[in-house]
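Structure first, then comments.
The values are calculated or read from the model by the stated rules, or taken from the named source; none is laboratory data. Everything numeric here is computed off the predicted structure, so don't read it as measured data. Neighbour counts are summed over all protein chains in view; Cβ atoms, including those assigned to glycine, are modelled from backbone coordinates with ideal geometry. To get the accessible areas, we keep the full protein, side chains included, count just its heavy atoms, and leave off ligands, DNA and RNA. Shrake-Rupley method; radii C 1.70, N 1.55, O 1.52, S 1.80 Å.
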Amino acid sequence: ASKERSGFKIRYMNLNNGIDTLDVASVRTTNYADCREFLTAILTQEHDYKTLVVDAADDMERILFEEVVRTAPANKDGSKINVIGDIGWNKGYEDALDYWKKFLDTLTMVRDKKGMEIVVLAQLDMKKYNDITGDSYEIYTPKLHGSTVKGDTSVSMFMGWADIVG
């Protein structure tokens, strides 16, 4: 049964186990397969949830990085890849952008096919912005990975997908 808060029926995708004290319908997802299974169920099963909360984007990115590492071919010497940064010259991060796109496309399908509101939480990162017309200043962005060789970033992909970033 769904749990109601302020009249909303909320389904919570718990990526970081940070909601133990909240009274919400939550599923703990710890890896890419769990996330796919959770989102497939939201898309294909009948339910009365009106809002999907994903907690949090930076935890989803960690899971996507782990999946890229898990599926990466071995190094030329046959050794196993252990961290995403070891996959070629930024190639691991570029591969992760494909996973990000699939994840965000799935959230869009949940919104469009199930009529659900999507809320994605994210930790904040403060970065210095060097304004060429004046003084530099600090800006807040989601705490996601920076640029790849191609210039694409998970930050720009995520913020381009979101209707509101606050």
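So, Lys114, is that one open to solvent by 40 Å² or more (accessible area, probe 1.4 Å), without any contact (Cβ under 8 Å) to a residue 60 or more places away in the chain, under 30 Å from Lys9 (Cα atoms) and not polar (S, T, N, Q) or not? Break it down stepwise before answering.
Values: open to solvent by 40 Å² or more (accessible area, probe 1.4 Å): yes; without any contact (Cβ under 8 Å) to a residue 60 or more places away in the chain: no; under 30 Å from Lys9 (Cα atoms): yes; not polar (S, T, N, Q): yes.
No: the conditions fail for Lys114.
Could you tell me whether any residue of the stretch 158-166 is among the acidic types (Asp, Glu) and farther than 26 Å from Leu43 by Cβ?
So in the stretch 158-166, the residues among the acidic types (Asp, Glu) come out as 163.
This time we only want the ones that are farther than 26 Å from Leu43 by Cβ, so: none.
No, that holds for no residue.
Residue by residue through the stretch 48-72, note down the ones that are in contact with a strand residue (DSSP E or B) (Cβ under 6 Å, 6 or more places away or on another chain), open to solvent by less than 30 Å² (accessible area, probe 1.4 Å) and not charged (D, E, K, R). Please lay out each step first, then the result.
Step one: of the stretch 48-72, the residues in contact with a strand residue (DSSP E or B) (Cβ under 6 Å, 6 or more places away or on another chain) are 48-57.
Subset that is open to solvent by less than 30 Å² (accessible area, probe 1.4 Å): 51-57.
Of everything in the stretch 48-72, those that are in contact with a strand residue (DSSP E or B) (Cβ under 6 Å, 6 or more places away or on another chain), open to solvent by less than 30 Å² (accessible area, probe 1.4 Å) and not charged (D, E, K, R) turn out to be Thr51, Leu52, Val53, Val54, Ala56, Ala57.
Would you confirm, using the coordinates I've provided, whether Val83 is closer than 19 Å to Tyr32 by Cα, in contact (Cβ under 8 Å) with a residue 12 or more places away in the chain and loosely packed, with under 14 Cβ neighbours inside 10 Å? First the steps, then the outcome.
Values: closer than 19 Å to Tyr32 by Cα: yes; in contact (Cβ under 8 Å) with a residue 12 or more places away in the chain: yes; loosely packed, with under 14 Cβ neighbours inside 10 Å: yes.
It is true that Val83 is closer than 19 Å to Tyr32 by Cα, in contact (Cβ under 8 Å) with a residue 12 or more places away in the chain and loosely packed, with under 14 Cβ neighbours inside 10 Å.
Please state which one of Asp95, Asp131, Asp86, Asp48 is out of contact with any Phe, Trp or Tyr (no Cβ under 6 Å at 6 or more places or on another chain), within 23 Å of Val155 (Cα to Cα) and modelled with pLDDT of 90 or more.
Values: Asp131 fails: modelled with pLDDT of 90 or more; Asp86 fails: modelled with pLDDT of 90 or more; Asp48 fails: within 23 Å of Val155 (Cα to Cα).
That would be Asp95, the only listed residue that is out of contact with any Phe, Trp or Tyr (no Cβ under 6 Å at 6 or more places or on another chain), within 23 Å of Val155 (Cα to Cα) and modelled with pLDDT of 90 or more.
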